[in-house]
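**Student:** Can you keep this structure in mind? I'll have questions shortly.
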There are 2 protein chains.
Amino acid sequence: MGKNSNNNNYDFNIKINRSTISKQKLFVLRLDHRPHRDLRISTHTALVARAFGMDGIFFSGVPDKKLCEKVNKVTENFGGDFLVRTGCDWKKIIKEWLSQGGEIIHLSMYGLTLPEIIEKIRNSSKDKLVVIGGPKVPREIYSIATYNVSVTNQPHSEIAALAVFLNYYHKGQEFYYEFKNAKIKIIPNKNGKKFAT
Amino acid sequence: MGKNSNNNNYDFNIKINRSTISKQKLFVLRLDHRPHRDLRISTHTALVARAFGMDGIFFSGVPDKKLCEKVNKVTENFGGDFLVRTGCDWKKIIKEWLSQGGEIIHLSMYGLTLPEIIEKIRNSSKDKLVVIGGPKVPREIYSIATYNVSVTNQPHSEIAALAVFLNYYHKGQEFYYEFKNAKIKIIPNKNGKKFAT
C-alpha cells in the first residue's frame, strides 16, 4: 500500500492466501451499514461474498464488531481467507482502489444488463471492487463506476445481485471451490445432512 | 383447488396471469417468518422470487401485513402478477402441493450440487415449490423434498441461493422478462438512472 500502509481499513494487500478462483483481487464495498438495522442483511452479503470466491468486504457506515465476529466465525469453521472491515470511508476506499489501478463495478437495477457486459468485465485484468447500496446510493457512484451493471432491472436484493454477478463472473467455478483449512466440510447429499470435520 | 377452495392461503390456482417465463407453476415456501426480525430478509426473498419469474411466495410463521404491503407495492409499480401470503401452515401447503402432482425443491447447503441436478429439474414438467429455511429447518423437509439442492456447500444466504437457483432454472431468461402493466420501467444505462413511466 505504500503511503497508506498505516491504515488497516484500506490495506488491499491483505495477508490472505489469495483464492485460486480469480486472478484478480475481488472485494465488495457495501455502503452505509447500520448495526442493528442491517446486521442480518450485511451478514448475508458478507457470506455470499465469501462463498462465491471474493477476498473480502468493506462496509462504510457505523463500525460493527458483532458483524465482523459473525463472518469471521464462519471463515474459521468453513475455511479459506476472508477479510471483513466495518466503519470504512467509502470515498477513500474508492479513490485508493482506482489510484492503484483497480476498477469499480457498481451493481444496481439501473446498469447495463449483466449477461451482455460480463465478458468485458471478465476479460479485464484489473482488480475489481464491487460496490452495492444502501437504499440511498450517492449519485456520484454512477459516474465513478467503471461499470454500472444491473442484475435484472427489477427491485430485489443486493445480496441476490451480488451472488448472481459472481456466479457469472466465475462461470460457476464457485460450486467446486475448495476452501483451505476448513474445520467443517459439507458433502453434497440427496436427502440429508452429511459433513466431514 | 376443489376440496380446499375455501382456503385462500393455499389456492395455488391463483388468479394471476401466469408468467410466460416458465410453463410450470413456480412458488416459494419460506419457513418460519417472524415479522420484526425477518421483515427485510423476507422482503428481499419475495422480491427476488418476483424479479426472477416466480408466481408467488408463501411464508409460514407469524402473519405479517406489512410484508405483504411492501411486496404488493413493488408489484403494483413494476408490474406483473405476484402472490404473497403470510402465516401459512407449511405442512398443509406441502401436502397439498404434492397431492396435486407438484414437486418440492429444497434449497440448503447440504443438497446435490445445483449445476449437476438442474437439468433434471428443468426437464420435469411438474409444478415446483421451492422451500427455503429459516435457520432451523425441520429434518423431515430433507426427506419430503423431491430434490435437495445446494447452491455451493458453504453457509451464505437463502436469498442468494434462491436467485442463483432461479437463474439456472430459467437459463437467464429473467434478464429479458417483461412485466405486464408496469407503471415504472427501468432502461439499462451505462452511467445513470433512466426509466420510463
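**Student:** Which cross-chain or sequence-distant (5 or more) residues have an amide H under 5 Å from the amide H of B:D32, H modelled 1.01 Å from N in plane?
**Tutor:** B:S60, B:G61
**Student:** Given the protein chains as shown and a 1.4 Å probe, how many square angstrom of B:R37 are accessible, to the nearest 10?
**Tutor:** 90
**Student:** Using a 1.4 angstrom probe on the protein heavy atoms only, could you order B:K128, A:K180, B:K194 from most to least accessible area?
**Tutor:** Working: B:K128 0, A:K180 125, B:K194 105 Å².
Listed by decreasing accessible area, they come as A:K180, B:K194, B:K128.
**Student:** Which of these, A:E96, A:E119, A:E140, has the largest mean-square fluctuation under a Gaussian network model of chain A (Cα springs below 10 Å)?
**Tutor:** Result for chain A, Cα springs under 10 Å: A:E140 fluctuates most.
**Student:** Just to verify a number: what accessible area does B:F175 come out at with the full protein assembly present, 1.4 Å probe, Å² rounded to tens?
**Tutor:** Roughly 20 Å² of B:F175 is accessible to a 1.4 Å probe.
**Student:** Something else now. Mind grabbing the interface size between A and B? I mean buried accessible area, both sides, 1.4 Å probe, in Å² to the nearest hundred. Let's see the in-between values first.
**Tutor:** On the way: alone 11070 and 11040 Å², together 17320 Å².
Separately minus together, A and B give about 4800 Å² buried.
**Student:** Please state the shape class of the stretch B:13-149: rounded when a/c is under 1.5, otherwise prolate if a/b exceeds b/c and oblate if not, all from the C-alpha gyration tensor. Kindly include the intermediate steps, with their values, before the conclusion.
**Tutor:** Values: a/c = 1.64, a/b = 1.19, b/c = 1.37.
Taking the square roots of the gyration eigenvalues as a ≥ b ≥ c, the stretch B:13-149 is oblate.
**Student:** State the percentage of accessible surface on the stretch B:86-162 attributable to carbon and sulfur atoms; use a 1.4 Å probe and exclude ligands, DNA and RNA. Provide the component values of the computation, followed by the final result.
**Tutor:** Details: 1400 of 2970 Å².
Summing carbon and sulfur atoms, their accessible area is 47 percent of the total for the stretch B:86-162.
**Student:** How well do other chains shield peptide A:107-117, expressed as the mean number of their Cβ atoms within 10 Å of each residue Cβ?
**Tutor:** Working: counts 0, 3, 6, 10, 7, 4, 4, 4, 4, 2, 2.
So the per-residue partner count for this stretch is 4.
**Student:** Using a 1.4 Å probe on the protein heavy atoms only, what accessible surface does B:F195 show? Give it in Å² to the nearest 10.
**Tutor:** Answer for B:F195: close to 110 Å² accessible.
**Student:** A follow-up question, please. Please compute the average number of Cβ atoms from other chains found within 10 Å of each residue's Cβ in peptide A:182-195. Provide the component values of the computation, followed by the final result.
**Tutor:** Values: counts 2, 0, 3, 2, 9, 3, 13, 8, 8, 12, 6, 8, 2, 3.
The per-residue average across the peptide is 6.
**Student:** Can you sort A:W97, B:W90 by solvent-accessible area, 1.4 Å probe, largest first? Spell out each step's value before the answer.
**Tutor:** Working: A:W97 10, B:W90 45 Å².
Largest to smallest exposure gives the sequence B:W90, A:W97.
**Student:** Keeping every protein chain in place, order A:V151, A:V62 by accessible area at 1.4 Å, biggest value first, i.e. largest first. The partial results should precede the final answer.
**Tutor:** Values: A:V151 5, A:V62 70 Å².
Output order, biggest surface exposure first: A:V62, A:V151.
**Student:** Taking the axis that carries chain A onto chain B, what is the nearest Cβ in chain A, and at how many Å, to the whole number?
**Tutor:** Looking at chain A's Cβ atoms against the axis toward B, the nearest is A:I159, 2.
**Student:** Using the crude model of +1 on Lys and Arg Cβ and -1 on Asp and Glu Cβ, and no other charge, please compute the dipole size for the stretch B:131-197 relative to its Cα centre, in debye to 20.
**Tutor:** On the way: 9 positive and 4 negative charges, 91 e Å.
It works out to roughly 440 debye.
**Student:** Let me ask something else. For the cross-link pairs B:K92/B:K171; A:K25/A:K70; A:K23/A:K136; A:K65/A:K91; B:K92/B:K128; A:K23/A:K180, which exceed 20 Å when the distance is taken from alpha carbon to alpha carbon? Provide the component values of the computation, followed by the final result.
**Tutor:** On the way: B:K92/B:K171 31 Å; A:K25/A:K70 23 Å; A:K23/A:K136 32 Å; A:K65/A:K91 22 Å; B:K92/B:K128 16 Å; A:K23/A:K180 17 Å.
Among B:K92/B:K171; A:K25/A:K70; A:K23/A:K136; A:K65/A:K91; B:K92/B:K128; A:K23/A:K180, the Cα-Cα distance tops 20 Å for B:K92/B:K171; A:K25/A:K70; A:K23/A:K136; A:K65/A:K91.
**Student:** Shifting gears a bit: Please turn the phi angles of the stretch B:102-112 into ³J(HN,Hα) values with the Karplus equation 6.51 cos²θ - 1.76 cosθ + 1.60 (θ = phi - 60°), one per residue in order, whole Hz, x for glycine and proline.
**Tutor:** Karplus-based 3J(HN,Hα) across the stretch B:102-112 equals x, 10, 10, 10, 9, 8, 7, 8, 9, x, 6 Hz.
**Student:** Kindly write out, for the stretch B:178-191 in residue order, the coupling ³J(HN,Hα) from the Karplus curve 6.51 cos²θ - 1.76 cosθ + 1.60 (θ = phi - 60°), rounded to whole Hz, with x marking Gly and Pro.
**Tutor:** Result, rounded to whole Hz: 9, 8, 5, 6, 6, 7, 10, 10, 7, 9, x, 9, 5, 8.
The values are calculated or read from the model by the stated rules, or taken from the named source; none is laboratory data. Here the structure is a predicted model, which means the values were calculated and not measured. With ideal geometry, Cβ positions are generated from the backbone for all residues, glycine too; neighbour counts draw on all protein chains shown. Note: areas computed on protein heavy atoms with side chains; ligands, DNA, RNA excluded. Shrake-Rupley method; radii C 1.70, N 1.55, O 1.52, S 1.80 Å.
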